[in-house]
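Visitor: What follows is a single structure, and I will ask about it in a moment.
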Amino acid sequence: MNILFLDIDGVLNSRQWHSSENCKVLGTSVKRFFDPVCVEYLNRIVNETETKVVISSSWRILRSLQNLQDLFKSIGFTGKIFGKTEDLSIFEPDTPSLRGVEIQNWIKDNQKHFKTPIKYIILDDEDDFLKEQKPFFFQTNPDTGLDTSITEKIISFLSNY
């Protein structure tokens, strides 16, 4: 089972996107937070590697799984939002690599539901992860978001995992 732990800001949008006319014409629509080009790169990853997405972004905190699934469908995502990590920030606010701990807990808690080991990657613009997660981490540039280069690296990684 391939799982992609997904951040949103700096991955599916970028500083470049937010300053573009294409973003500005969306006004106050939630779609302004999603660069269609980045969403297409995400679609390519999940379709070519049969990967399920788990939201690790702070967007998961105030949204239900159903709300996230509906939101992603509305922006043209063709994959499946499979889950979201638990927010531990209220319990352990000073924990270093907190997002890494949240991902580690999700894997531990959910492995029993799969017949095969979870193969995962982390896609984020920040690098607050555990040392043992670094080989599975792909970092985007918040100025540009998910791009061709990162997409190709992820597809290659998951194909050879």
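The values are calculated or read from the model by the stated rules, or taken from the named source; none is laboratory data. Quick caveat: nothing in here was measured; it's all calculated off a predicted structure. With ideal geometry, Cβ positions are generated from the backbone for all residues, glycine too; neighbour counts draw on all protein chains shown.
Visitor: Among ILE90, ILE75, which is the only one that is touching a helix residue (DSSP H, G or I) at 6+ places or on another chain (Cβ under 9 Å) and not basic (Lys, Arg)?
Guide: Numbers: ILE90 fails: touching a helix residue (DSSP H, G or I) at 6+ places or on another chain (Cβ under 9 Å).
When all the criteria are applied, what remains is ILE75.
Visitor: Find the residue count for region 42-89, including only residues that are part of a helix (DSSP H, G or I) and within 23 Å of ARG99 (Cα to Cα).
Guide: Going residue by residue through region 42-89, those that are part of a helix (DSSP H, G or I) are 42-49, 58-60, 65-74.
If we keep only those that are within 23 Å of ARG99 (Cα to Cα) as well, we get 42, 45-46, 58-60, 65-69, 71-72.
Of the residues in region 42-89, 13 are part of a helix (DSSP H, G or I) and within 23 Å of ARG99 (Cα to Cα).
Visitor: Got a sec? Which of THR78, THR85 is modelled with pLDDT of 90 or more, within 15 Å of the chain's Cα centre (by Cα), surrounded by fewer than 14 Cβ atoms within 10 Å (Cβ to Cβ) and within 25 Å of PHE157 (Cβ to Cβ)? Steps first, please.
Guide: On the way: THR85 fails: surrounded by fewer than 14 Cβ atoms within 10 Å (Cβ to Cβ).
The conditions single out THR78.
Visitor: Taking the criterion of being under 15 Å from the mean Cα position of the chain (by Cα), among the hydroxyl-bearing types (Ser, Thr, Tyr) and either surrounded by 13 or more Cβ atoms within 10 Å (Cβ to Cβ) or in a strand (DSSP E or B) (or both), would at least one residue in region 93-109 satisfy it?
Guide: Looking for residues that are under 15 Å from the mean Cα position of the chain (by Cα), among the hydroxyl-bearing types (Ser, Thr, Tyr) and either surrounded by 13 or more Cβ atoms within 10 Å (Cβ to Cβ) or in a strand (DSSP E or B) (or both), one finds none in region 93-109, hence no.
Visitor: Here is a follow-up. Taking region 128-161 only, how many residues are within 17 Å of GLY10 (Cβ to Cβ), of a type in the set (S, T, N, Q), surrounded by fewer than 18 Cβ atoms within 10 Å (Cβ to Cβ) and in contact (Cβ under 8 Å) with a residue 60 or more places away in the chain?
Guide: Residues meeting the conditions: 2.
Visitor: Further question on the same structure: Across region 24-36, what is the total count of residues that are touching a residue at least 40 places away in the same chain (Cβ under 8 Å) and not in a loop (DSSP other than H, G, I, E, B)? Give the steps one after another, and end with the answer.
Guide: Keep residues of region 24-36 that are touching a residue at least 40 places away in the same chain (Cβ under 8 Å), which gives 30-31, 34-36.
Then drop every residue that is not not in a loop (DSSP other than H, G, I, E, B), which leaves 30-31, 36.
Number of matching residues: 3.
Visitor: Among LYS84, LYS73, which is touching a strand residue (DSSP E or B) at 6+ places or on another chain (Cβ under 9 Å) and more than 16 Å from PHE5 (Cβ to Cβ)?
Guide: On the way: LYS84 fails: more than 16 Å from PHE5 (Cβ to Cβ).
Result: LYS73 is the single residue among LYS84, LYS73 that is touching a strand residue (DSSP E or B) at 6+ places or on another chain (Cβ under 9 Å) and more than 16 Å from PHE5 (Cβ to Cβ).
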